[in-house]
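The structure appears right after this line, and notes come after that.
The values are calculated or read from the model by the stated rules, or taken from the named source; none is laboratory data. The shown structure was predicted, so the numbers you read here are calculated from the model rather than taken from an experiment. Cβ sites come from the backbone with ideal geometry, for glycine too, and all protein chains shown count toward neighbours. Surface areas here come from the heavy atoms of the whole protein model, side chains and all, with no ligands, DNA or RNA. Shrake-Rupley method; radii C 1.70, N 1.55, O 1.52, S 1.80 Å.
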There are 2 protein chains.
Amino acid sequence: MAPARTPGSTAARKGRLSRELVLAKALELVDAEGLDALTMRRLGQELGRDPMSLYRYAENRAALLDGVTELVLNQLSIQPKDPDWKAQLRHIAHSLRSLALQHPNVVPLLVTRPLSTPLGMRPLGTLRPLEQILSLLIEAGFAPPDALHVYRAYYGFLYGHILNELQEFVVDPEENEALLRLGLHRLPPREFPRLRSLGPDLATYDGSAELDQGLSILLSGLESQLSVHAG
Amino acid sequence: MAPARTPGSTAARKGRLSRELVLAKALELVDAEGLDALTMRRLGQELGRDPMSLYRYAENRAALLDGVTELVLNQLSIQPKDPDWKAQLRHIAHSLRSLALQHPNVVPLLVTRPLSTPLGMRPLGTLRPLEQILSLLIEAGFAPPDALHVYRAYYGFLYGHILNELQEFVVDPEENEALLRLGLHRLPPREFPRLRSLGPDLATYDGSAELDQGLSILLSGLESQLSVHAG
DNA sequence: CGCGTACAGTCTACACTGTAGATAGGCGTC
DNA sequence: GACGCCTATCTACAGTGTAGACTGTACGCG
């Protein structure tokens, strides 16, 4: 008999399991079929293993979700030494935006998990960007408390933008305008005149440009308000 | 026998059920014990009714959640005729912030549900703020597409701020600093020097002031960039 | 060689979830 | 009284996370 036995459906079993393997498959599954599809049983099947084996690599389902967010956030590369802090923050923002567009189903985790976990108990991978951005700003000459202010305004805006953009995001670009109009058509004209008439503008949303524009305003505003002492 | 029969545990049955009653109890439950506590069975018990009766007032559990978000957002009062649009946006922002602080467990719904629902299919209550803010801005002299830009930057920032603030929010103000420090202490000093040393500043976060500050920057920036033609 | 121990993976079982479908109770109208 | 309608209940089912006991295999040590 051939050594390939595929007891599950999709995946043959290959060697030993590992946390990396488990998390990678989990992310794959979430990307493909959404958060609800990520059940222990399903993930086990996808790996060709008993669901219970997963508990060796993640204490909980919750911990598994944390692992997935960590996996995504680890793809964010930050240069805390960049002397041009504004350019660096712009770069980070666009990276995070594109990560979010690549893994839209993970975004709810990104924004939601920290709400139920005190700062100090979060997975380290999710705190690293915070640390690095603080470092970047302090290195650039901000007093540490001001760096915190800047970080909050910046990251707040960034997360907000991402949420906003994903809300208007429709998967199939062909049906985009049609679906949108269809949706809008259902709204009572009396109550929603503005929204209905903005249909075309909604359909031609350029998220990247809008992010950039908002950042320009915010960053230069912050800069002039909290004077940077050349480091 | 007295007419009061309390088959569940907490709530006596009073008259007929209604959507309002169901949603109110649902919100109450979520506020008190979090989203996970809101199961059909539990809510039924809380109302002294069979869980199945709820399906008459909400098609789904998902629809129930939508109803709860609607209930919260309906408490947001917006004056679309206010000629001072900046003051009005400030006011809305603070109202939404305080709603979020009052119902922190609902916030994940607020930011998450729209991600899985195309714009036109959302509960009308959740679209009303959008419509009204657009109205406010157009009335104030913005060209409709510019109004959309302003709305996006504004609402994005606002949601981002709320998420940020709730992440740092700790329920018991007594334990606040202690817990925070405790949490921070667990971080490897080598990797997280900045974050650790900012502990005290994290503990004295004034969300309202920071929101205001960010709004000042953003709104005046937007105003000067997209010239308002006096209406 | 043989034995012991550690650990990856499995099996079974339990309490709990959302909800489809059939069933009962109470009301107004003919 | 008989009918139909609407609300609420009951029963049942497939699916969930996970505790606890169990099996197998690999490896070091005598």
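Values as computed for the structure displayed
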quantity: Nearest-first distances (nm) between copies at B:Asp50, label 7 Å from Cα via Cβ; calculated: 4.0
quantity: Chain B, relative contact order in percent, only Cα pairs under 8 angstrom and at least six apart counted; calculated: 18 percent
quantity: Rounded to whole Hz, the Karplus (6.51, -1.76, 1.60) HN-Hα couplings of the range B:191-205, x for glycine and proline; calculated: 8, 10, x, 4, 4, 5, 6, 8, x, x, 5, 5, 6, 10, 6
quantity: Shortest-first nm distances, B:Pro188 label point to equivalent points in other copies (7 Å, Cα→Cβ); calculated: 5.8
quantity: Accessible area per residue, Å², the range A:19-72 with all protein chains present, probe 1.4 Å; calculated: 50 Å²
quantity: Of all accessible heavy-atom area on the range B:1-142, the percent that carbon and sulfur account for (1.4 Å); calculated: 52 percent
quantity: Cα→Cβ-extended label distance, 7 Å offset, between B:Ser98 and B:Leu124, nm; calculated: 2.8 nm
quantity: Quotient of C-alpha Rg and 2.2 N^0.38 Å, computed over the range A:7-110; calculated: 1.26
quantity: 0 to 90° range, to nearest 10: angle between helix A:61-73 axis and chain A longest Cα axis; calculated: 50 degrees
quantity: Sorted largest first, extent of chain A alpha carbons per principal axis (Å); calculated: 71, 54, 31
quantity: Nearest residue to the symmetry axis between A and B, taken on chain A by its Cβ, in whole Å; calculated: A:Gly160, 1
quantity: Estimated translational D of the protein assembly as shown in µm²/s (Stokes, Kirkwood radius over Cα pairs; 4 °C; 1.567 mPa s); calculated: 54 µm²/s
quantity: Chain B: angle of helix B:207-225 to the longest principal axis, Cα-based, in degrees nearest 10; calculated: 50 degrees
quantity: Helical contribution to [θ] at 222 nm, DSSP H n ≥ 4, -39,500 (n - 2.57), averaged over the protein assembly as shown, rounded to 500; calculated: -19000 deg cm²/dmol
quantity: Lys, Arg +1 and Asp, Glu -1 on Cβ, resulting dipole of chain B about Cα centre, debye, nearest 20; calculated: 980 debye
quantity: Label point 7 Å beyond Cα along the C-beta direction, distances from B:Ser224 to other copies (nm, shortest first); calculated: 0.3
quantity: Rg and Dmax of the range A:120-174, Cα atoms only, in Å; calculated: 15.1, 49
quantity: Calculated from backbone phi, Karplus (6.51, -1.76, 1.60) coupling profile of the range A:37-46 in Hz, x at Gly/Pro; calculated: 6, 7, 10, 4, 4, 5, 5, x, 4, 4
quantity: Compactness of the range B:117-213, expressed as Rg and Dmax over alpha-carbon positions, Å; calculated: 19.4, 54
quantity: Over the range B:44-155, relative contact order from alpha-carbon pairs under 8 Å, at least 6 apart, %; calculated: 31 percent
quantity: Equivalent ellipsoid dimensions for the range B:19-58 as semi-axes, Å, which come from the Cα gyration tensor, largest first; calculated: 15, 11, 8
quantity: Folded to 0 to 90 degrees: helix B:144-168 orientation relative to chain B principal axis, Cα; calculated: 60 degrees
